[in-house]
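Structure, as structure tokens:
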Amino acid sequence: MTKQELVEKIQALKKEKNAIVLAHYYSDADVQDVADFLGDSLELSRKAGTADADIIVFAGVHFMAETAALISPQKKVLVPALGAGCTLADGVNGEALAEWKAANPDGIVVSYVNTTAEVKSHTDICCTSANALSIAKGLPEDAKIFFVPDRNLGSYIISQTGRKMELYNGCCKVHDQVTTEMVLDMMAKYPEADVLIHPESKCSNDPVILENPNCYMYSTSGILRHASESSKKQFIIATEVGTLHKLRKDNPGKEFIPVSDKIVCHYMKLSTLESVYEALRDEKFEVKIHESIAGKALAPITAMLQK
Ligand code: 13P
Ligand code: SF4
């Protein structure tokens, strides 16, 4: 099938089945273009809850589709690729959190939304990179906090809020490649550029970066907002390369340079036009969350969305 035929079949199936495609900014560019809604993980969670659809095809990674299924149990949530994991979500299990809770019964577990439903079921409140600072600031000042699982985002929150938090030692293998040296090398090549950096990056708590007036730390939606609102013409983008598609589409007069073309999340690229089409056609692969944990896993997401 040609690309055009696939797009037409996807559009027809969406109409026939009252289905929508949600895609993350890291998805393949063709999939982004066929999506009904494109967003970062916070925007996609909200959209999953409000969308008027019977079926959601989630072109992202598994934890995002699980979040959508928890928020919208009455909708059928499908993932085009079963193998679309996440190095952060797959690096921690509920046991680590249960042990911490047993030792710290008054403590608060804050889980990044990049976690499995099982981990969320041991969590008090979730956050995404877009709301992490406000969620942390909203917790009682004397609270004992365990932040799970991203040590880079966790250190960034500590650097910005001064909150004391115990950090789980996990990381995103994609963003953990973004080092201070990599950023400084690119800044030397493009001295006029603003540098927009995702806080999962290894350099996210380095004062050399944080105190540099041309460097900005943002979630994916923050990166997009800054690029649109800024009068600058050139930007170095220190996050997953898929984001460049939307940046370039929205800002034709501006130049976007990836900090490195190796910052690629292969899990996100598993959703292709073909797999989105097959997911819609065969209504596969449905995300199921065991009823014994669904209620407990939804509670920290609801706590986050209500903030
Ligand atoms: P956002 O919260 O910016 O969407 O990031 C999600 C993610 O997986 C980053 O690697
Ligand atoms: Fe997970 Fe990293 Fe991929 Fe985001 S970029 S989905 S955190 S592996």
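Only the coordinates and a few stated rules stand behind these numbers; no lab work does. Quick caveat, the model's predicted, so the values are computed rather than measured. Methodologically, a virtual Cβ is constructed for each residue, glycine included, from the backbone with ideal geometry; neighbour enumeration extends over all protein chains shown.
Assorted remarks:
- Highest mean packing comes first when the peptides 52-58, 251-257, 116-122 are listed by Cβ atoms within 10 Å, giving 116-122, 52-58, 251-257.
- In a fully extended conformation the segment linking H266 and Q234 would gain 8.9 nm over its present Cα-Cα distance, using 0.36 nm per residue.
- Net charge dipole size for segment 58-213 [Lys, Arg +1 and Asp, Glu -1 on Cβ; Debye, nearest 20]: 420
- Ranking of I20, I237 by count of other Cβ atoms within 10 Å, fewest first: I20, I237
- About the centre of its Cα atoms, segment 46-122 shows a dipole size close to 280 debye [charges on the beta carbon of Lys, Arg (+1) and Asp, Glu (-1) only; nearest 20 debye].
- Kyte-Doolittle at least -1.0, axis length at least 20 Å by Cα - qualifying DSSP helices, the chain: 291-305
- When the chain is described by a simple charge dipole with +1 on each Lys and Arg Cβ and -1 on each Asp and Glu Cβ, the residue from C215, Q74, V61 located farthest towards its positive end is Q74.
- Residue order, fewest to most beta carbons within 10 Å, for C86, C126, C203: C86, C203, C126
- Cα-projected label distance for K254 with E166, points at 7 Å along beta-carbon direction, nm: 4.1
- Spatially close Lys pairs in segment 14-163, defined by Cα atoms under 23 Å apart and a spacing of eight or more places or different chains, total 19.
- Approximate spin-label separation K3-A188, in nm, with each point projected 7 Å along Cα-to-Cβ: 3.7
- Here the chain is treated with +1 on each Lys and Arg Cβ and -1 on each Asp and Glu Cβ, and its dipole about the Cα centre works out to around 400 debye.
- Using θ = phi - 60° and Karplus 6.51 cos²θ - 1.76 cosθ + 1.60, couplings along segment 264-270 (whole Hz; Gly, Pro as x): 10, 9, 5, 4, 5, 7, 6
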